[in-house]
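Step one of this worksheet: look at the structure below.
The values are calculated or read from the model by the stated rules, or taken from the named source; none is laboratory data. This one's a predicted model, so the numbers in the text were calculated from it and none came from an experiment. Heads up, the Cβs are rebuilt from the backbone with ideal geometry, glycines too, and the neighbour counts pull from every protein chain shown. Surface accessibility is based on the protein's heavy atoms, side chains included, excluding ligands, DNA and RNA. Shrake-Rupley method; radii C 1.70, N 1.55, O 1.52, S 1.80 Å.
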Amino acid sequence: MVLAEAQLAPITIESLSIRADISGAMAETTVKMVFYNPNSRRLEGNLQFPLAPGQQITAFALDINGAMRPAVPVAKDKGRQVFEAIERRRVDPGLLEVTQGNNFKLRVYPIAPRATRTVELTYAEPMTRRASQWVYRLPMGYGKVGSLDLQVTFNGDRVAPTAGSVGAG
């Protein structure tokens, strides 16, 4: 998380839950992130993260009043305008932007004092082969995480793919 004010404690990822479903040469990964604001005032959270080449985001949801609400895709400029207009009214916007290449910036507002917000991202990718095995790539450039839950399900293959990770840089 990136903070605009250096004197504040950074927002942390309290928990990270990753579920991957692999079928043949395709993988779909859902990442659920719970952010925690340890400060005494509400903040906007900003998270920058990369995806590996070929990985594409297919869904994005944000918790609003205790329920996960799916996002609606809009053009980049319109998304920023809507986010900032909603933010000024102190409601619950979330914005997921493509920054450069396959890098993304996630903005969430508000994250209340000493409270959490949950974001869920789903992305899909065609897997590649290494020799005779499929290779599943899992980006893990999230920084420090409180707890991690990882579940990988293989559908229809008798041989599990090779697992690897892609760092933040």
*When the residues of the stretch 50-62 are filtered to those that are surrounded by fewer than 19 Cβ atoms within 10 Å (Cβ to Cβ) and touching a Lys or Arg at 6+ places or on another chain (Cβ under 8 Å), which remaining residue is modelled with the lowest pLDDT?*
52
*asked:* Looking at (1) of a type in the set (Lys, Arg); (2) assigned to a strand (DSSP E or B); (3) at pLDDT below 80, which one does residue 158 not meet, given that it meets all the others?
replied: (2)
_Can you tell me which condition residue 132 does not meet? The list is (1) modelled with pLDDT under 75; (2) farther than 17 Å from residue 20 by Cβ; (3) open to solvent by 60 Å² or more (accessible area, probe 1.4 Å), and all the others hold._
(1)
_Condition (residue is within 22 Å of residue 148 (Cα to Cα), in contact (Cβ under 8 Å) with a residue 60 or more places away in the chain, hydrophobic (A, V, I, L, M, F, W, C) and touching a Lys or Arg at 6+ places or on another chain (Cβ under 7 Å)) applied to the stretch 29-36: is it met by at least one residue?_
yes
*asked:* Residue under question is residue 123, and the condition is that it be surrounded by 14 or more Cβ atoms within 10 Å (Cβ to Cβ) and either hydrophobic (A, V, I, L, M, F, W, C) or modelled with pLDDT under 85 (or both); does it hold?
replied: no
*Candidate set from the stretch 66-104 (those that are surrounded by fewer than 11 Cβ atoms within 10 Å (Cβ to Cβ) and modelled with pLDDT of 85 or more); member that is farthest from residue 21 (Cα to Cα)*: 66
